[in-house]
1. Among (1) in contact (Cβ under 8 Å) with a residue 24 or more places away in the chain; (2) closer than 30 Å to THR102 by Cα; (3) more than 15 Å from the chain's Cα centre (by Cα), where does SER54 come up short?
2. If you take the residues in the stretch 85-100 that are at pLDDT below 95 and over 17 Å from ILE69 (Cβ atoms), which one is surrounded by the most Cβ atoms within 10 Å (Cβ to Cβ)?
3. Please give the number of the condition SER54 fails out of (1) modelled with pLDDT under 95; (2) not in a loop (DSSP other than H, G, I, E, B).
4. Filter the stretch 47-76 down to the residues that are buried (at least 18 other Cβ atoms within 10 Å of the Cβ) and under 26 Å from SER30 (Cα atoms) and list them by number.
5. Looking at VAL92, VAL48, VAL119, VAL100, which is the one that is in contact (Cβ under 8 Å) with a residue 40 or more places away in the chain, closer than 21 Å to GLN1 by Cα and of a type in the set (Val, Ile, Thr)?
Amino acid sequence: QVQLVESGGGLVQPGGSLRLSCAASGRILSINAMGWYRQAPGKQRELVASITSSGRTNYADSVKDRFTITRDNAKNTVYLQMNSLKPEDTAVYSCNAPQVLTSSGYVHTVWGQGTQVTVSS
């Protein structure tokens with residue numbers, strides 16, 4: 001019913017930048033919060049940043065002042081601008097929507113397939 005598709009990952013040198021996108025599709029009426037998570041090999045998945053439909057944001061301490069989350073409600077798309085990337089930012093980044101209102105009712109806990117971000121020289 002609802003799909004999240006990420007794009008924008010890749011290989012970047014330390015200090016570089018990447019912009020991730022996550023587009024939601026389906027019979028969507030509204031999406032409240034959306035977030036970016038990441039999981040590095042051998043580590044637990046962690047919340048990187050989240051944003052509500054009104055634009056209120058929340059960041060992990062490790063990415064504050066380096067990453068910026070934004071969204072385009074008209075396009076049902078959320079972005080993650082990542083600057084000053086470090087090797088420890090290397091992970092699979094996944095988009096999440098905890099609750100999506102569709103024409104058929106609420107859909108809960110929607111995840112994208114993930115996109116690899118590798119920071120290495």
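The values are calculated or read from the model by the stated rules, or taken from the named source; none is laboratory data. All values reported here derive from a predicted model rather than from experimental measurement. Neighbour counts run over all protein chains shown; Cβ positions are idealised from the backbone, glycine included.
1. Exception for SER54: condition (1).
2. For the stretch 85-100, the residue satisfying everything is VAL100.
3. Only one criterion is unmet by SER54, namely (2).
4. VAL48, ALA49, SER50, ILE51, TYR59, PHE67, ILE69, ARG71, ASN76
5. VAL100
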